[in-house]
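Novice: Dumping the structure here so I can ask a few things about it.
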Amino acid sequence: MTCAACVGRVERKLGRLDGVAASVNLATGRATVSHPEAVSVSDLIGTVEAAGFTAELPAPPTEDPPRTTGEPAGTHQGDAGAERHRLLVTALLALPVLTLSMVPGWQFRNWQWLCFVLAAPVAVWGAAPFHTRALRGLRHGAATMDTLVSLGVAASFAWSTWALFLGGAGAPGMTMPFSLLPTGGDGSAHLYLEAAVGVPLFVLAGRRMEARARRGTGSALRALAELAAKDVAVRTADGERSIPADRLRAGDHFLVRPGERVATDGTVVDGSSALDLSLITGESRPVEAGPGSAVVGGAVNSGGLLEVRADAVGADTQLARITRLVEEAQTGKTHIQRLADTVAAVFVPAVLTVAVSVLGFWLGAGADPQAALTAAVAVLVVACPCALGLATPTALLAATGRGAQLGILVRGPQALERLRRIDTVVLDKTGTLTTGRMSVTALTARPDGPGPDRTLWLAAAVEQGSEHPLARAITAHARERHPHPGQLPPMAGDFRAEAGHGVRGAVDGHRVEVARPGDLTGLPAPLADAVRAAEAAGHTAVQVTVDGTPEAVLAVGDALRPDSYRAVEHLRRLGLRPVLATGDRAATARAVADHLAVTEVHAEVRPEDKAALVATLQEQGARVAVVGDGVNDAAALALADLGIAMGSGTDAAIGAADVTLVREDLQAIADAVRLARRTLGAIRANLAWAFGYNLVTVPLAAVGLLTPMLAAAAMSVSSLLVVGNSLRLCAWQPGSGPGNPGRRPNNTPPHRPRWETA
């Protein structure tokens, strides 16, 4: 395929089959086809071949990385080498012809015959791909961009051949002045050999540069595909052996040494290390991994040796799902691109009609035949549906690839369009604005007691015997605060747990009790105030008593993500209205809303209530996006104008969402909105240029103000400008600007646990 007319022809041919719907992407050379079982794959391939093209099924993910080079499926290195060789030979033959034709002072005796000898191979062999595809289209009753180029080259060379042999232009000593505008009527037949060689030279060069640029737009996705490890060391009963990564099976144990990539998704069985997930999630901070930690295929091991049990392989891995989502996004089309494709479907026949009309008009008006022919050839050459076909797919290639690098996965162009237009964001609390894990948010110790660290250590020693979420939060914080992180205190003796109250035990000769506080009247003032503050924040207050004396109060709750405040602030700066909807109790919801300066709060809502809230907002005229991570959010995600799922969420939430945030950073929501706006802006600019270019240049060529050679150069430049504009998205950075304050606001509440001794 070479232009939007080719895309339209393939889609129309496939669409004529019963129950078949197809979307063809010019930039990637891929077609996404939905068909009933009654229509086989061989029928689909046969239909594409009947349209004058070739088709094949893509290789499975385990055999071949996805083609995202911007070249049609089936393009191989040999084809690229042949096209490079064709361009080189064409340039070597065409440059002398262009130089002699454009510089009258260098036109020696019989120069025109040398130009004819050099131009003949270019017009025949150099332009052979255009002639071949034009003839193939003719056999199938189709006209494409290749038809226009082939006709332009053939007409220019045929006229020049007639002029040399029969029109007097072959006379010795003949010279031909060069002008940027077509000339004629001076009594001698002019040569258009420079057009016969210039058109294929410029088009071949333009398409090669275009292909290289299109490969750039798919670079991010290729980087994802290359993250997969090629070989992996597997631990077996007989020892260790290396096998290809695609032979790894779920349940196998494999080793990841420092500097190596994790071969597939799994769980750490032995060892500890820090993993670099930046190429997968866009998160620059290393993630600590130890026994029981889940790891993602493609992550780089930055530290020690890990033994990992494979949990998912092949197409079931997170990396494969990311790649699949990005590929699916790149095959879609925006509404405005579908309009462009409709125009492109009739564009080439319309251009042919215009060219014939221009030729007939000038001849009928008594103009010189060669001037009339020049105008007609210029119309054929300058028309460019290529830019129309590349406007959306190249921008999507660049934007979805860049989004994947930033940890933002968008399902398709329709999601991009909706993402750009949303004005209300409904935010879930647990697992979205908060970490979804219980943790110690504050610790207030008695001034004259053993101190916060010692008290926390004693409490953790007792809580080790409990499986309660509060107990796990306290022991986890004790490990983090210890001078040797990760070290656990000794188990408490005489351990006892009372359901609904707390735990107690003996530690280092002290009787330690960790329980919910009772009457506050007996507590020291700082501890009583800490209990009230925890309850006001919607957290659970836990009192630590040592030998009968209250020593500290811990506030335990689901902590806000460190970036929640800035993320909500960014949304407001983008003109979006944040709404908090949670199934948690009202006090907790209000505390979170106050912390984030969110004014609209809906607490204690069930899944069906959350969906009803979305429907109510839509009835009020809002365009609603829902951000969630759990099964309880799935209905609201599906009902909303746009669903955004956290990558750490459930499969149900991710499956119902249009956008998935792989990066564990809520600011990715604002980044996604900005990327969508920038991408849609680039697509509109591309289409405006593509339509505007043809609206200006075709009339100029029709009235004789463009030579065919200049028309060929302009046509190539138009496609390059469209691809170049899309390529800018590959380097897009969220940066600082509207909706993205560079520094944290001064009133940002603290996110780390609060430790007090007064």
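The values are calculated or read from the model by the stated rules, or taken from the named source; none is laboratory data. Remember, it's a predicted structure, so these values are computed and weren't measured experimentally. Methodologically, a virtual Cβ is constructed for each residue, glycine included, from the backbone with ideal geometry; neighbour enumeration extends over all protein chains shown.
Novice: On the given criteria, is A589 farther than 30 Å from A461 by Cβ and in contact (Cβ under 8 Å) with a residue 24 or more places away in the chain?
Specialist: Here the answer is yes, as A589 does meet what is asked.
Novice: Could we say that G52 is modelled with pLDDT under 90 and under 27 Å from A134 (Cβ atoms) here?
Specialist: Criteria met by G52.
Novice: Return a yes/no flag: does the range 175-182 have any residue that is in a loop (DSSP other than H, G, I, E, B), in contact with a strand residue (DSSP E or B) (Cβ under 7 Å, 6 or more places away or on another chain) and modelled with pLDDT under 70.
Specialist: No; the residues of the range 175-182 include none that is in a loop (DSSP other than H, G, I, E, B), in contact with a strand residue (DSSP E or B) (Cβ under 7 Å, 6 or more places away or on another chain) and modelled with pLDDT under 70.
Novice: Select from the range 588-600 the residues that are of a type in the set (G, A, S) and modelled with pLDDT under 85 and write down the one among them that is farthest from D423 (Cα to Cα). Don't jump to the end; show me each part of the working.
Specialist: Applying the first criterion (of a type in the set (G, A, S)) to the range 588-600 yields 589, 591, 593, 597.
Filter again for modelled with pLDDT under 85, leaving 589, 591.
Details: A589: 22, A591: 24 Å.
The qualifying residue farthest from D423 (Cα to Cα) is A591.
Novice: If I filter the range 87-100 down to residues being modelled with pLDDT under 90 and more than 11 Å from V197 (Cα to Cα), which single residue comes out as surrounded by the fewest Cβ atoms within 10 Å (Cβ to Cβ)?
Specialist: T99
Novice: Would you list the strands (runs of 3 or more DSSP E) that sit entirely within the range 197-316 and hold 1 or more residues that are surrounded by 17 or more Cβ atoms within 10 Å (Cβ to Cβ) and modelled with pLDDT of 85 or more?
Specialist: 231-236, 253-256, 266-270, 306-310
Novice: Taking the options F130, F165, name whichever one is over 51 Å from the mean Cα position of the chain (by Cα) and at pLDDT 80 or above.
Specialist: Testing whether each residue is over 51 Å from the mean Cα position of the chain (by Cα) and at pLDDT 80 or above leaves just F165.
Novice: Give the residue, chosen from R585, R572, R577, R532, that is over 24 Å from D641 (Cβ atoms), modelled with pLDDT of 85 or more and either among the charged types (D, E, K, R) or loosely packed, with under 15 Cβ neighbours inside 10 Å (or both).
Specialist: Working: R585 fails: modelled with pLDDT of 85 or more; R572 fails: over 24 Å from D641 (Cβ atoms); R577 fails: over 24 Å from D641 (Cβ atoms).
Selected residue: R532, the only one of R585, R572, R577, R532 that is over 24 Å from D641 (Cβ atoms), modelled with pLDDT of 85 or more and either among the charged types (D, E, K, R) or loosely packed, with under 15 Cβ neighbours inside 10 Å (or both).
Novice: Can you spot a residue in the range 573-594 that is of a type in the set (D, E) and farther than 19 Å from G628 by Cα?
Specialist: In the first step, residues of the range 573-594 are kept if they are of a type in the set (D, E); the result is 584, 594.
Imposing the further condition that a residue be farther than 19 Å from G628 by Cα reduces the set to 594.
Among the residues of the range 573-594, at least one is of a type in the set (D, E) and farther than 19 Å from G628 by Cα, which makes the answer yes.
Novice: For the range 453-468, what are the residues that are surrounded by 20 or more Cβ atoms within 10 Å (Cβ to Cβ) and touching a strand residue (DSSP E or B) at 6+ places or on another chain (Cβ under 8 Å)?
Specialist: T455, L456, L458, A459, A461, V462, E463
Novice: List the pairs whose first member sits in the range 130-153 and is buried (at least 21 other Cβ atoms within 10 Å of the Cβ), whose second member is acidic (D, E), and whose Cβ atoms are under 6 Å apart, counting only residues at least 6 apart or on separate chains?
Specialist: Taking only residues 6 or more apart or on different chains, the pairs are F130/D146; R133/D146; A134/D146.
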